[in-house]
Structure formats: structure tokens, C-alpha cells
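S.K.: Let me give you the structure first, and then I'll get to my questions.
The values are calculated or read from the model by the stated rules, or taken from the named source; none is laboratory data. Owing to the predicted nature of the structure, the values given are computational and were not obtained by experimental measurement. So basically every Cβ, Gly included, is an ideal-geometry build from the backbone, and we count neighbours across all protein chains shown.
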Amino acid sequence: MLDQRYFENGHLSQTALDALAMGTLSPHDTHLLLIHLEHCPSCMDAYIATLDTVPLEQPPEDLEQHILEQVEQVSHSRNSSSVAIGFLKLAVAVCLTMLLFFANVFDRVFTSSEHLAQYLAVASEASGENQWAAFASGFQQGFSDLINRFNDLFNGDASNNETQTATPS
């Protein structure tokens with residue numbers, strides 16, 4: 001049951017408004033007073049005015065230092081884990097590339113692209129469309145250059161790579 005001093009003429013008293021604003025009421029009393037505020041606009045206006053006069057609670061003096069320490073700790077743990085994850089990703093990429101290279105996947109792709117380019121060239125000649133022939137020829141030459149340069153890179157033949165880039169097409 002609410003204390004009678006919380007009401008005056010059917011409205012909340014200043015004592016009730018102060019206690020509600022300061023948070024010193026029991027949960028049950030707070031709930032009952034908030035229900036009254038929902039239905040009484042004049043009490044709600046008085047409560048809002050009371051909230052403006054209530055002094056704000058001051059944070060602890062070491063709060064800023066505590067927050068900075070937590071941020072530094074979290075950022076340090078993320079930096080070290082992100083470096084480890086980045087290194088792991090790089091190691092996996094290198095291993096997969098070497099696996100593909102030594103399994104001759106790139107040569108097979110090159111051979112497949114030659115067959116595709118030849119098929120496109122034959123199909124375009126049969127239909128009389130020069131656009132397909134130009135596309136097939138350009139595709140075959142570009143992919144051949146890419147595979148050859150990639151193989152030269154792994155074989156350590158830098159001179160072949162330099163002469164190919166220096167030679168005009």
C-alpha cells in the first residue's frame with residue numbers, strides 16, 4: 001500500500017516526485033507511481049520538472065582510466081589475433097598455390113583454354129562471324145601469356161619474363 005503522503009488532491013505530492021526521481025522507492029511503489037504518471041498529464045509534467053532539478057550522480061574518479069585500460073587490453077588482444085589470422089591465411093594461400101602448381105593444374109587450365117579458343121575459332125569461322133575469331137584469338141593469347149609468365153615466375157626464369165614484357169605485341 002502506498003504511503004498517503006505521496007498524494008495531494010488526487011495528484012502526486014512533491015515528496016513522491018522527489019523520491020521517484022531519486023530512485024529511493026521500492027519497486028512496487030515505483031510501479032504504482034509510474035502507472036499514475038501514465039494517466040495524469042499534470043503529474044507527468046511535474047515529474048519531468050523534478051527530474052531537471054535532481055543532481056546527476058557523479059562517475060567514479062578512476063572511470064576514465066579504467067575505460068582506457070579496457071580499450072587498450074581489447075585492442076592489444078585483437079591486434080595479436082588478427083596478425084596470427086592474417087599469417088595463417090597467407091600460409092594457406094601459399095600452400096594451395098603450390099599444390100595447384102605442382103599438380104599441373106595451371107597447365108591443364110591452359111590446355112583447356114586452348115581447346116576452348118580453338119572451338120570458338122572453328123565455330124566463328126563456320127558461322128562467318130569475325131568477332132568470335134578475334135575474341136578466341138585474344139583469349140588464347142592473353143591466357144597463354146599469363147600462364148607462361150606464372151610458370152616462369154615459379155621456375156625462376158626472370159629473363160624470359162623481362163623479354164616478354166619488353167617485346168611489343
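S.K.: Given the conditions (1) modelled with pLDDT of 85 or more; (2) more than 30 Å from Q140 (Cα to Cα); (3) within 34 Å of the chain's Cα centre (by Cα); (4) not hydroxyl-bearing (S, T, Y), report the number of the one that V83 does not fulfil.
M.R.: Here V83 meets the rest and fails (1).
S.K.: Which of the numbered conditions does S42 fail, given that it passes all the others? Conditions: (1) in the same structural domain as N148 (by TED's automatic domain parsing); (2) in contact with a strand residue (DSSP E or B) (Cβ under 7 Å, 6 or more places away or on another chain).
M.R.: Every listed condition holds for S42 apart from (1).
S.K.: Across segment 14-29, what is the number of residues that are closer than 16 Å to I48 by Cβ and free of Cβ contacts under 8 Å to residues at least 24 places away in the same chain? Talk me through it step by step, then tell me what you get.
M.R.: Of the residues in segment 14-29, the ones closer than 16 Å to I48 by Cβ are 14, 16-23.
If we keep only those that are free of Cβ contacts under 8 Å to residues at least 24 places away in the same chain too, we end up with 16, 19, 23.
The qualifying residues number 3.
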